[in-house]
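See below for the structure under consideration.
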Amino acid sequence: MSDARRISSRRRPSLAPWLFISPWILGFFFFTLGPMVFSLIMSLHDWPVVGERKFVGLQNYQTMLTQDPMFWKSLGVTVKFAAIFVPLNIALSFLLAVLLNVKVRGTALFRTAFYLPCVISGVALVMIWKWIYSKDYGLLNYALSLLGTEGPNWLGDPNWSILAIIIASLWGLGGTMLILLAGLQSIPKELYEAARVSGVPAWAQTLFITIPMLSPMLLFTFITSLISAFQQLTIALLLTEGGPLKSTYFFAMYIYDNAFKFHDMGYAAAMSWVMFLIILTLSLAVLKYSAAWVHYEGEVKGGGNG
Amino acid sequence: MADLRISGLRKSFGAVGVLKGIDLEIRDGEFISFLGPSGCGKSTLLRCIAGLEDLTDGTITLGSREITGLPSAKRDIAMVFQNYALYPHMNVRKNMAFGLSLNGMPAAEIEARVKNAAEILRITDLLDRKPRQLSGGQRQRVAIGRAIVRQPQLFLLDEPLSNLDASLRVTMRAELSALHDRLRVTMIYVTHDQVEAMTLSDRVVVLDKGRVAQFGRPLELFHRPATLFVAGFIGSPQMNFLTAKVEGQGADSITLSLNGVTLTIPTDGHHPVDPTRPVTLGIRPDRLELASEGQLSGTIRLAERLGTENHLHIDLATGGSVVVITDGTHPARARDKVQLRIPPSDAHVFDAEGKALPRRLDAATEALISEPDGPAEPA
């Protein structure tokens with residue numbers, strides 16, 4: 001009797017495991033996969049916020065690629081931003097992490113100070129930067145005037161506006177820095193001692209020990225920076241509103257405008273999918289070519305005996 | 001010649017003194033062990049020699065050069081770390097060549113040195129592997145190879161075998177010994193394992209709480225320990241210690257009273273000890289004899305039969321306990337009442353400060369421990 005029951009209960013999978021993972025499963029279906037599929041469907045429609053929806057097939061995509069100069073313009077702004085922001089973000093985070101990894105008094109204080117912008121609301125941050133960048137009353141131009149130079153109109157000059165946004169974005173590098181710092185601290189110090197005994201100069205220790213040992217974290221921050229660069233919206237939206245002369249009109253902002261200003265949800269959804277594909281392609285490319293320079297501690301390739 | 005001289009070396013971390021005045025003279029080509037329990041400062045001393053720690057006070061001279069203030073790379077030393085410290089992203093060849101190539105050595109010379117070291121250590125077929133593809137013993141060889149290619153005047157080894165399993169440790173110990181014979185370079189070896197120190201070393205530095213407790217040949221430490229600490233640290237099972245009173249002393253003997261039983265122990269001539277203070281009598285477990293009549297009596301609490309020998313743990317009638325090693329065929333069992341005899345010439349005597357009175361040894365043992373250039377072999 002008891003044997004038979006055990007067998008039958010084995011055949012009928014219990015509900016309990018599904019209940020335990022249901023919060024995640026439900027969240028994934030309703031808030032991740034569902035909206036993604038829904039937006040894909042939207043992108044195939046002419047979908048005004050109010051009014052009749054009409055299936056148009058790939059027309060949104062066709063319009064975007066062939067008849068919409070603003071699509072290319074905003075994509076160009078985003079690529080330009082990413083090309084400057086991503087390397088700078090990683091390089092500066094790395095430098096700060098290396099500095100903070102030196103055991104001196106007050107590192108905890110600096111660590112907190114550099115991470116602080118990450119816990120401040122983006123809007124509040126932008127308000128501060130707006131004041132810093134202000135042409136006549138700004139902190140930055142005041143500082144420059146003390147040095148005897150007249151600062152540019154940061155937010156009003158199309159040549160400077162993108163730089164202003166890059167600088168403001170770099171303010172949030174605390175997160176990246178923290179990841180790299182954690183990576184640095186996990187490198188065994190004996191590797192550096194062995195290098196010291198063998199007479200390896202400090203620059204070579206950084207180049208041939210630190211960077212390779214840190215490569216998994218560098219790869220991770222590279223990809224996350226890339227994604228955040230392409231999704232850049234808050235700072236541009238609030239600081240420059242895309243101007244002047246659309247010089248900071250980011251791709252994400254154009255999506256936002258299409259959806260909520262021009263009320264063309266279908267077109268916005270199609271653009272979101274294009275952005276998703278661009279990010280996906282770039283990330284996959286980075287991952288593919290990273291095998292050559294990323295070193296993973298636990299991974300064993302080929303036959304080791306023992 | 002590259003004698004290593006350390007004088008007045010002190011090292012403190014903040015207010016904590018780790019090394020409290022170390023003076024050592026190590027001759028060219030010697031294999032020296034720094035032996036001691038954890039926290040005795042042996043690794044710190046090695047790191048001071050390596051230049052990985054700054055001295056608080058004192059000087060270090062290698063050959064005719066004072067190296068106290070020199071950076072590690074300029075000291076003409078190589079170091080092997082306990083956890084190997086191999087660069088995980090470089091293959092074995094690069095691990096060995098890395099330091100050399102950055103110091104501008106010609107590629108052909110590097111290649112020759114790596115090849116030579118790989119042959120000595122029999123890792124030629126592993127040169128293109130990454131460290132993670134190697135076993136513990138192989139990694140240790142690579143770490144040693146990285147030291148060999150530098151062709152240093154001084155090898156520093158920081159507990160290099162402690163991460164290996166027991167059988168591999170024995171093999172690597174023999175290989176290290178062979179390597180030293182082959183290279184004839186001064187090696188300093190840090191260990192907490194007395195067997196490693198005794199079998200490998202020409203001389204052993206026993207460290208206790210930041211001071212040199214004794215510096216001598218392995219058998220000298222065993223037969224003539226300078227202090228209670230050394231006597232207790234060297235030898236396993238540990239030497240038995242019994243408290244005794246001084247009954248009388250001559251120029252080269254001392255008469256002790258052990259709970260009423262007197263015993264006259266020969267010395268090699270000693271300064272008179274204070275007769276009012278208790279002394280410690282030490283006797284190694286293999287030297288205590290079970291006898292029909294002896295100075296001590298007790299009950300066997302535990303008889304450990306190891307095959308070749310038995311370890312008998314005996315509670316003494318007068319309090320305290322001792323360990324006796326007997327032949328493995330001895331029939332003694334737990335709860336047996338036994339008498340123990342202390343052969344006077346095998347006894348060690350330590351004064352109230354824990355300093356040993358010089359032991360008078362028989363000619364054969366004396367010859368064994370004072371042999372100037374013989375290989376160090378365990379008794």
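The values are calculated or read from the model by the stated rules, or taken from the named source; none is laboratory data. In this text, all values refer to a predicted model and were calculated from it rather than measured experimentally. Ideal geometry is used to build each Cβ from the backbone, glycine not excepted, and the neighbour counts take in all protein chains shown.
Quick check: is even one residue across the stretch B:274-287 of a type outside the set (Gly, Ala, Ser) and over 23 Å from B:Ala226 (Cβ atoms)? First the steps, then the outcome.
Applying the first criterion (of a type outside the set (Gly, Ala, Ser)) to the stretch B:274-287 yields B:274-281, B:283-287.
With the extra rule that they be over 23 Å from B:Ala226 (Cβ atoms), the set shrinks to B:276.
The answer is yes, given that some residue of the stretch B:274-287 is of a type outside the set (Gly, Ala, Ser) and over 23 Å from B:Ala226 (Cβ atoms).
Which members of the stretch B:119-160 meet the condition of being basic (Lys, Arg) and within 15 Å of B:Ser177 (Cα to Cα)?
As a first pass, look at the stretch B:119-160 and keep what is basic (Lys, Arg): B:122, B:129-130, B:132, B:139, B:141, B:146, B:150.
The one that is basic (Lys, Arg) and within 15 Å of B:Ser177 (Cα to Cα): B:Arg141.
Tell me, which strands (runs of 3 or more DSSP E) wholly within the stretch B:197-303 include 3 or more residues that are in contact with a Pro (Cβ under 7 Å, 6 or more places away or on another chain)? Give the derivation first.
On the way: elements: B:203-208, B:211-216, B:240-249, B:253-258, B:261-266, B:279-283, B:289-291.
Per the criteria, B:240-249, B:261-266.
Residue under question is B:Ile144, and the condition is that it be in contact with a Phe, Trp or Tyr (Cβ under 9 Å, 6 or more places away or on another chain), more than 12 Å from chain A (Cβ to nearest Cβ), closer than 20 Å to B:Lys42 by Cβ and modelled with pLDDT of 90 or more; does it hold?
Working: in contact with a Phe, Trp or Tyr (Cβ under 9 Å, 6 or more places away or on another chain): yes; more than 12 Å from chain A (Cβ to nearest Cβ): yes; closer than 20 Å to B:Lys42 by Cβ: yes; modelled with pLDDT of 90 or more: yes.
The answer is yes for B:Ile144.
State all residues of the stretch B:1-46 that are surrounded by fewer than 22 Cβ atoms within 10 Å (Cβ to Cβ) and of a type in the set (Lys, Arg); if no residue qualifies, say none.
Answer for the stretch B:1-46, where residues must be surrounded by fewer than 22 Cβ atoms within 10 Å (Cβ to Cβ) and of a type in the set (Lys, Arg): B:Arg5, B:Arg10, B:Lys20, B:Arg27.
Scan the stretch A:103-117 and give yes if some residue there is under 17 Å from A:Ala229 (Cβ atoms), within 22 Å of the chain's Cα centre (by Cα) and in a helix (DSSP H, G or I), otherwise no. Working first, answer last.
If we filter the stretch A:103-117 for residues that are under 17 Å from A:Ala229 (Cβ atoms), which is where we start, we get A:117.
Still in the running and within 22 Å of the chain's Cα centre (by Cα): A:117.
Within this subset, residues satisfying the condition of being in a helix (DSSP H, G or I) are A:117.
Yes, the stretch A:103-117 contains at least one residue that is under 17 Å from A:Ala229 (Cβ atoms), within 22 Å of the chain's Cα centre (by Cα) and in a helix (DSSP H, G or I).
Which residues, counting only those in the stretch A:74-109, are surrounded by 14 or more Cβ atoms within 10 Å (Cβ to Cβ) and at pLDDT below 85?
A:Thr107
Of all the residues that make up the stretch B:184-210, how many are out of contact with any strand residue (DSSP E or B) (no Cβ under 8 Å at 6 or more places or on another chain) and over 17 Å from B:Leu35 (Cβ atoms)?
Of the residues in that region, 1 qualify.
From the list B:Arg139, B:Arg211, pick out the single residue that is modelled with pLDDT under 95, buried (at least 22 other Cβ atoms within 10 Å of the Cβ) and of a type outside the set (A, V, I, L, M). Break it down into steps so the answer makes sense when it comes.
Details: B:Arg211 fails: buried (at least 22 other Cβ atoms within 10 Å of the Cβ).
Result of the check over B:Arg139, B:Arg211: B:Arg139.
Within the stretch A:127-148, work out how many residues are charged (D, E, K, R) and either over 18 Å from A:Gly242 (Cα atoms) or more than 28 Å from the chain's Cα centre (by Cα) (or both).
Here is the first cut: in the stretch A:127-148, the ones charged (D, E, K, R) are A:130, A:135-136.
Next, from what is left, pick out any that are either over 18 Å from A:Gly242 (Cα atoms) or more than 28 Å from the chain's Cα centre (by Cα) (or both): A:135-136.
Result for the stretch A:127-148: 2.
Exactly one of these conditions fails for A:Phe208: (1) touching a helix residue (DSSP H, G or I) at 6+ places or on another chain (Cβ under 6 Å); (2) farther than 23 Å from A:Val126 by Cβ; (3) among the aromatic types (Phe, Trp, Tyr). Give me its number.
Just one mismatch for A:Phe208, condition (1).
Checking the condition of a type outside the set (Gly, Ala, Ser), surrounded by fewer than 19 Cβ atoms within 10 Å (Cβ to Cβ) and closer than 16 Å to B:Ile342 by Cα, which residue from B:Glu293, B:Glu309 passes?
Of the residues listed, the single one that is of a type outside the set (Gly, Ala, Ser), surrounded by fewer than 19 Cβ atoms within 10 Å (Cβ to Cβ) and closer than 16 Å to B:Ile342 by Cα is B:Glu293.
Residue by residue through the stretch B:272-296, note down the ones that are small (Gly, Ala, Ser) and in contact with a Lys or Arg (Cβ under 7 Å, 6 or more places away or on another chain). Walk me through it before giving the result.
We begin by selecting, within the stretch B:272-296, every residue small (Gly, Ala, Ser); these are B:282, B:291-292, B:294.
Matches in the stretch B:272-296: B:Ala291, B:Gly294.
Name every residue in the stretch B:33-90 that is in contact (Cβ under 8 Å) with a residue 60 or more places away in the chain, of a type in the set (Ser, Thr, Tyr) and in contact with a strand residue (DSSP E or B) (Cβ under 9 Å, 6 or more places away or on another chain), in order of residue number.
Matches in the stretch B:33-90: B:Ser33, B:Ser43.
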